[in-house]
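The values are calculated or read from the model by the stated rules, or taken from the named source; none is laboratory data. If you're wondering where the values come from, they're calculated on a predicted model, not measured in any experiment. We place every Cβ from the backbone using ideal geometry, glycine too, and count neighbours over all the protein chains shown. With ligands, DNA and RNA removed, areas are computed over all heavy atoms of the protein, side chains included. Shrake-Rupley method; radii C 1.70, N 1.55, O 1.52, S 1.80 Å.
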Amino acid sequence: MLSDLVAPPRPVGDAPRTIRVHPKDNVAIVVNAFGLPAGTVFPDGLTLTEFVPQGHKVALADVPRGGHVVRYGEVVGIALRDIPRGSWVEESCVETPVAPALDALETCTRVPAPLPPLDGYTFEGFRNPDGSVGTKNILAISTSVQCVTGTLDVAIRRIKQELLPRFPNVDDVIGLTHAYGCGVAINAPEAVIPIRTLQSLAQNPNFGGAVMVVGLGCEKLVSERLVPGRQGTAEDPENVVRLQDERHEGFGSMIDSIMRMAEARLQVLNRRTRETCPASDLVVGLQCGGSDAFSGVTANPALGFAADLLVRCGATVLFSEVTEVRDAIHLLTPRAATPEVADALIREMAWYDDYLEKGGADRRANPSPGNKRGGLNNIVEKALGSVAKSGTSAITGVLAPGERVRERGLIFAATPASDFVCGTLQLASGITLQVFSTGRGTPYGLAQAPVIKVATRSELARRWSDLIDLDAGKVATGEATIEGMGWELFRLILDVASGCKQPWSDRWGLYNDLTLFNPAPIT
């Protein structure tokens, strides 16, 4: 719900504007691009007692010391001193509230009824033998250990120069490289996370099932464990190039072996062509990074509306980032479709609480300095804005880190909040396209799947016009509604999935490295 109590009924200009999200809120955020000075008077008589930067909160009423600061209708802070009406509610004014207790949550009490189905929406995708559908046609070469990364980089440069031009239906050749595989406690309980992630990555629908692994030969993570259906250590010459094999006479021989195996897979992938597929075949990941106070009122609600549209089409939508869900978990467990889903949500929150505690940290280590400069005082406020991406549908499944998605509908995929780790884990879970909202701005991209970047502020969209794909800041200025922006994003998702439009990250070839989540010991 979005209510702008003070925006004037006129075209966007220099008039002072704030956004109050919920009727219970006793704070609002300043909309104006450069903030507003002390003495600014609003139509309702509110007068600023000091300068308030864009996106930061102004007190709409006096908040006494120990009183609650309320945004999104929820307590986002405890006042550490008296906060007069009209003053800037900045970070030093408030204390972070206690996180919701996991043993006292409502579960399955407000399960949303299914929204009317949306029929007839399609995209042009690459159908795989297992029934999944990709939005790209990529040869992805897995690695079992970091030691082979340099060699694979050389091989991929040659593959792109010498082989790829012969296979016009193949979009790219990429290496699934990482810093795991040896010098690690391979049998430690939590080692299941990075290993499962690598196994799942190789099966992403955008790779067409053409699995290929480059290994060294002496690593702990034997190459065969990354070949679907093979968990042993038997020889697998059809799918694995092992650099230490005696048949390799020097570096050139290794490169030749990689290129021969790659060429065989390129021939298979080149036979893939786009065909009309129902929107229900989409698997879309939602993520935010460089968030600000506008994230929860413009971009993320628009993502949530688009998520509801996708779910109505029968598609699969993943939202993530445990730390940025934890303080809003009490809003999610009532939406769990079944007790099992609710229990799984609580399980992932508890696991991460324990993980942070073992590391001598807690959820207050998030947000980042940039988030705070964008008006987010603490992780509670950030989480309440973050979960807006989940829309209003029932939550039908929960994935542990690195697990592949098997249900349709709205899924919570447990990941850390790091952009790069979250992106890697969502790819492992099977997303074929990602929507990424940002307020502060980040040149983020994935080679493995198209990324649509949505700005929370029009100022960012204008300044980064060749990096931002959609401007949701128009919601804040009254030029667009959340519903209208959600529909615009939904249609853009279909166009990008079809290859009709390229997001800016693909146009620039702007891609970040994969980053595994490895909570297990390194030996």
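Structure notes:
- Lysine pair count for the chain (Cα-Cα distance under 21 Å; residues 8 or more apart in sequence or on different chains): 17.
- For the range 126-247, the relative contact order comes to 32 percent (Cα pairs under 8 Å, sequence separation of at least 6).
- Placing +1 on each Lys and Arg Cβ and -1 on each Asp and Glu Cβ, with no other charges, gives the chain a dipole about its Cα centre of roughly 640 debye.
- Nonlocal amide H pairs with residue 89, under 5 Å, H built at 1.01 Å: 57, 58, 59
- Kirkwood radius and radius of gyration were both taken over the C-alpha atoms of the range 232-360, and their ratio Rg/Rh is 1.15.
- Acute angle (nearest 10 degrees) that the helix 192-201 long axis makes with the longest principal axis of the chain, alpha-carbon atoms: 70
- Qualifying chymotrypsin sites (Phe, Trp or Tyr not before Pro) for the range 431-523 [loop in DSSP, other Cβ within 10 Å: at most 15]: none
- Solvent-free Debye scattering, log10 I(q)/I(0), computed from the Cα coordinates of the range 181-283 at q = 0.10, 0.13, 0.21, 0.23 Å⁻¹: -0.36, -0.59, -1.17, -1.29
- Table column - 3J(HN,Hα) (Hz), the range 418-433, Karplus curve with 6.51, -1.76, 1.60, x for Gly and Pro: 3, 3, 6, 5, 4, x, 4, 5, 5, 4, 4, 6, x, 5, 10, 7
- Largest first, the three principal axis extents of the alpha carbons in the range 76-115 are 43, 28, 13 Å in whole numbers.
- Sites excluded, GluC sites (Glu not before Pro) in DSSP loops with at most 11 other C-beta within 10 Å, longest stretch of the chain: 250-523
- Relative contact order (%) - the range 144-188, alpha-carbon pairs under 8 angstrom, separation at least six: 58
- Farthest toward positive dipole pole in the chain [+1 Lys/Arg, -1 Asp/Glu at C-beta], among 177, 35, 438: 35
- In units of the compact-protein estimate 2.2 N^0.38 Å, the range 1-157 shows a Cα radius of gyration of 1.68.
- Only Cα sites of the range 328-434 enter the Debye sum here, all with the same form factor; the resulting log10 I(q)/I(0) across q = 0.11, 0.13, 0.16, 0.19 1/Å is -0.37, -0.52, -0.80, -1.14, listed in q order.
- Net charge of Cβ neighbours under 13 Å - reference residue 330; Lys, Arg +1; Asp, Glu -1: -1
- Of all accessible heavy-atom area on the chain, the percent that carbon and sulfur account for (1.4 Å): 52
- Across the chain, Cα pairs under 8 Å and at least six residues apart give a relative contact order of 17 percent.
- Crossing angle, helix 339-358 versus the chain [Cα axis fit, 0-90 degrees, rounded to tens]: 90
- Acute angle (nearest 10 degrees) that the helix 299-312 long axis makes with the longest principal axis of the chain, alpha-carbon atoms: 60
- Divide the volume of the convex hull around the Cα atoms of the range 159-202 by the residue count and you get 88 Å³ per residue.
- Taking one quarter of the surface of the convex hull spanned by the alpha-carbon atoms of the chain gives a direction-averaged projected area of 24.6 nm².
- Pairwise Cα distances in the range 421-482 exceed 19 Å for 35 percent of all pairs.
- Extreme residue, positive dipole direction of the chain, given options 319, 299, 99 (C-beta unit charges): 299
- Accessible surface computed residue by residue for the range 322-475, with neighbouring protein chains in place and a 1.4 Å probe, gives 30 Å² per residue.
- Considering only the Cα atoms of the range 117-251, their convex hull presents on average a projected area of 10.9 nm².
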